[in-house]
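Inspection log for the structure reproduced underneath, given as structure tokens.
The values are calculated or read from the model by the stated rules, or taken from the named source; none is laboratory data. Keep in mind it's a predicted model, so treat the numbers as computed, not measured. Positions of Cβ are backbone-derived with ideal geometry, glycine not excepted, and every protein chain shown enters the neighbour counts.
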Amino acid sequence: MANPTIHGPNFSTYVRSVRMALEEKGQAYDLNAVNIFAGENQNEGHLARHPWGKVPAFEHDGFDIYETTAILRYIDAAFGGGSLQPDDARGLARMGRLRRRAGCRAVSCLRPRNAWTV
Ligand SMILES: N[C@@H](CCC(=O)N[C@@H](CS)C(=O)NCC(=O)O)C(=O)O
């Protein structure tokens, strides 16, 4: 099977979440550093992967998926290694909270310096 590809810039906290999941799984991957400041996320090629032109988009062996939470769930199910998710209700709830904060809070820290919208 081919290595998966993450389409998105390394500085994105969403992209970082996907990278962390793949690292935890011990799964090699390629990073296509779509430059959102140069508008590459609005290119036809990227819009075919993600209709709203956001990053990350994810590709694995002919399967395309976007939205970070969906990507993370796919990685957990598709690749070997231990589960990335707790199996109890409270653990799952805390995990969901942390994941949202990693995206929203961390990105909002960058917003005064960078003017893109999430
Ligand atoms: N709901 C999306 C949000 C992704 C998102 O907002 N990504 C930002 C960068 S961190 C983006 O693509 N910004 C470019 C733009 O809005 O034009 C997800 O969870 O994957």
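Here are a few things to note about the model shown:
- If you filter the range 48-58 down to residues that are under 21 Å from G103 (Cα atoms) and more than 9 Å from the ligand (Cβ to nearest atom), you find that the one that is nearest to the chain's Cα centre (by Cα) is F58.
- Within the range 67-88, the residues that satisfy the criterion of being more than 9 Å from the ligand (Cβ to nearest atom), crowded, with 16+ Cβ neighbours inside 10 Å and under 13 Å from the mean Cα position of the chain (by Cα) are L72, Y74, I75, D76.
- Any hit, the range 13-25, residues being crowded, with 20+ Cβ neighbours inside 10 Å and among the aromatic types (F, W, Y): yes
- All positions within the range 34-48 that are touching a helix residue (DSSP H, G or I) at 6+ places or on another chain (Cβ under 9 Å), surrounded by fewer than 18 Cβ atoms within 10 Å (Cβ to Cβ) and part of a loop (DSSP other than H, G, I, E, B): N35
- Close Cβ contacts (under 9 Å, 6 or more residues apart or on different chains) running from residues in the range 37-50 that are farther than 17 Å from I71 by Cα to residues that are of a type in the set (D, E, K, R) comprise N41/K54.
- Any hit, the range 13-27, residues being part of a loop (DSSP other than H, G, I, E, B) and at pLDDT 95 or above: yes
- Criterion violated by D64 - all others in (1) within 10 Å of the ligand (Cβ to nearest atom); (2) part of a strand (DSSP E or B) satisfied: (1)
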